[in-house]
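Nothing in this text is a laboratory measurement; each read-out follows from the coordinates by a stated rule. Just so it is clear, the structure is predicted and the values come from calculations on it, not from any experiment. Positions of Cβ are backbone-derived with ideal geometry, glycine not excepted, and every protein chain shown enters the neighbour counts.
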Amino acid sequence: YDDRDGKIWMDGELVDWRNAQVHILTHAMHYASSVFEGERAYGGSIFRSRQHSERLVASGAAIDMPLPWTVDEIEAAKQQVLSVNGLSDAYVRAVAWRGAGEDMGVSSMRNPVRLAVAAWEWGAYYGDAKTRGARLDIAKWKRPSPETIPSHAKAAGLYMICTMSKHAAEAKGFSDAMMFDYRGYVAEATGANIFFVKDGEVHTPLPDCFLNGITRQTVIGMLHERQIKVHERHIEPSELESFEQCWLTGTAAEVTPVGEIGPYGFEVGALAREMVESYESLVRS
Ligand code: PMP
């Protein structure tokens, strides 16, 4: 991703893609002092843009890293990146981090907080799984307690276990992994929330130790509009075999049906397909 044409917004300036670099003694590189957003633009406008910018600011606050930019300024930066790069359908990545500076120890209070926004074209996150259903492994790593880490922040530190879980799954031929939480309840995939269907009703884990995704909230709204009951609750692993359909939600994943999780199989059923299609039309409406 480093050697291409285009512009990246960094600390208020548009810089050439190839020159959008940081120093090796960047605090974030050593101590994960970084928060980010993943967003998608459809036809030139970012879906739920402001909500993403607000979450970025909130994530920064959650890790004691107040951002030196307002939501309005972040909004303007994202639009500038899309237009200068001539992008219409694109993935937008905003990232804020503690840079190199006065300190190189654990404390970063005297290091500058920096912000960058990049955007590029990015197709389906799970390849052809939207029609066939993604195959998920079960991760050995657990989502941590909110007393261990601010688990509602979209913070880089939380992604170490996601990357390890995804690597382990890919090594076995799966596209992703489903993670349990620190109590053993079903939590989410490594970059997407999870939903299940049983007897015409929907069940999804209570987001009390992981991201309450913007796509998740959107899909719950779509289900409510259809008068479909949504149970947000703790889900035991023993329930997995009783669910008929399953799908993932996320900005990158959009709505992606799941065909299997470890030994458990699911059909790519009517409701899953309807959610895939309705989400696709909603983001462009
Ligand atoms: N969980 C994790 C771990 C994620 O990385 C994401 C993607 N941001 C989500 C859930 C879904 O969040 P959203 O719908 O806001 O993209």
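By the rule of a C-alpha distance below 12 Å, with chain neighbours fewer than 8 residues away ignored, the aspartates and glutamates paired with K142 are D181, E188.
The modelled label-to-label distance between M160 and W141, using points 7 Å beyond Cα along the C-beta direction, is 0.9 nm. Angle, helix 71-84 long axis vs. longest principal axis of the chain, Cα atoms, 0 to 90°, nearest 10? Its long axis makes an angle of about 90 degrees. Pairs from the list K78/K198; K140/K198; K130/K154; K7/K172; K130/K229 with a Cα-Cα gap above 28 Å: K78/K198; K7/K172. If you take all other residues with their beta carbon under 9 Å from the beta carbon of V186, and give Lys and Arg +1 and Asp and Glu -1, the sum is -4. Dimensions of the stretch 233-285 based on its C-alpha atoms, expressed as ranges along the principal axes with the largest first, amount to 39, 21, 18 Å. Highest mean packing first, where packing is the average number of other Cβ atoms within 10 Å per residue, the peptides 262-268, 237-243 line up as 262-268, 237-243.
The stretch 56-74 and the stretch 135-166 have Cα centres separated by 22 Å.
For the stretch 7-120, the Stokes-Einstein estimate of translational diffusion at 10 °C and a viscosity of 1.306 mPa s comes to 111 µm²/s, using the Kirkwood hydrodynamic radius over alpha-carbon pairs. Work through the residues other than Y31 whose Cβ is under 13 Å from its Cβ and net out their charges, Lys, Arg +1 and Asp, Glu -1. Result for the local shell: -1. Between D5 and E201, the distance separating the two model label sites (each 7 Å from Cα on the Cα→Cβ line) works out to 5.6 nm. Charge dipole (Cα centre; +1 on Lys/Arg Cβ, -1 on Asp/Glu Cβ; no other charges) of the stretch 7-120 amounts to roughly 240 debye. Each of R110 and E244 was given a label point 7 Å from its Cα along the Cα-to-Cβ line. The distance between the two points is 6.4 nm. Under the shape rule built on the C-alpha gyration tensor, where the axes satisfy a ≥ b ≥ c, the stretch 32-98 is prolate, since a/c reaches at least 1.5 and a/b is greater than b/c. Placing unit charges on the Cβ atoms of the charged side chains and taking the dipole of the stretch 97-181 about its Cα centre, the candidate lying farthest along the positive direction among L136, S107, A153 is L136. Here the convex hull built on the C-alpha positions of the chain has a volume of 131 cubic angstrom per residue. The residues packed around D137, meaning those with a beta-carbon under 10 Å from its beta-carbon, carry a net charge of +1 if Lys and Arg are +1 and Asp and Glu are -1.
Between the stretch 1-24 and the stretch 229-248, the alpha-carbon centres lie 43 Å apart.
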